[in-house]
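The values are calculated or read from the model by the stated rules, or taken from the named source; none is laboratory data. Computed from a predicted model, the values in this text were never measured in an experiment. Here the Cβ positions follow ideal geometry from the backbone for every residue, glycine too, while neighbour counts run over all protein chains shown. Side chains are part of the model used for accessible areas, which takes the heavy atoms of the whole protein and leaves out ligands, DNA and RNA. Shrake-Rupley method; radii C 1.70, N 1.55, O 1.52, S 1.80 Å.
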Amino acid sequence: MNVIGKVRALQLATITVDTAKSGEDAVDMTRHFDYDVMILGVSLADMTGVEALRRLRARNISVPAIATTKSGDLAAVVQALDIGADDCITPTTDRTEFLARVRSVIRRSKGFARSVLTAANLSLDIQSKDVEIAGRAVNLTGKEQSIMELLIMRKGVVQSKESILTHLYNGIDEPEMKIIDVFICKLRRKLAEAGFSGAIATVWGRGYVLRE
């Protein structure tokens, strides 16, 4: 799967993607923006992906990273992992496996070892999409589930309406910003009716945050 294929796969999974043509650009971007994961190609315009990773770690940039290595190149895999890669893939890695590995790295970096995310008495299985509160199933729409997943993954961190909108639509046919208030209102009501013991708090002028 080439770079375009990876980007497209991530976008179809409603994951926001920024791209860098060179290793120096990649390093610079991670210094100024908070990324959940970085996918490094075998080679960039100015250096290999492994060298870009080496420079990231040398500058104490801890963004989770998945390195792409040539098929069968065990030495490159070992080198990437020793330098600080969180996982490795090859250009022929299946799209479904690629997305699963991305989700796994992000979960682990946020402190979730399994596919089930938890907050207070709520659990959300990001594979089956099942949501439960104190063991009882809760029926959320796809958009509500996506918002809940984002808030859980970033518990205690304020999410702007812009970031939530991008998470839901990935910049494609985005509706007006006020739709986020509607989604949050409906989500809060469903959670309250089901006995959720946490809270989706409003931070005026900034956005929303999940608090336990």
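Of the candidates S104, S123, S109, S146, the single residue that is among the small types (G, A, S), crowded, with 17+ Cβ neighbours inside 10 Å and either closer than 28 Å to S43 by Cα or more than 19 Å from the chain's Cα centre (by Cα) (or both) is S104. Within the range 189-199, identify whether any single residue is at positive phi and out of contact with any Ser or Thr (no Cβ under 8 Å at 6 or more places or on another chain), and answer yes or no. The answer is yes; a qualifying residue exists. Within the range 1-28, restricting attention to residues that are surrounded by fewer than 16 Cβ atoms within 10 Å (Cβ to Cβ) and either of a type in the set (D, E) or modelled with pLDDT of 90 or more (or both), the residue that is farthest from the chain's Cα centre (by Cα) is E24. Number of residues in the range 149-181 that are open to solvent by 60 Å² or more (accessible area, probe 1.4 Å) and hydrophobic (A, V, I, L, M, F, W, C): the value is 3.
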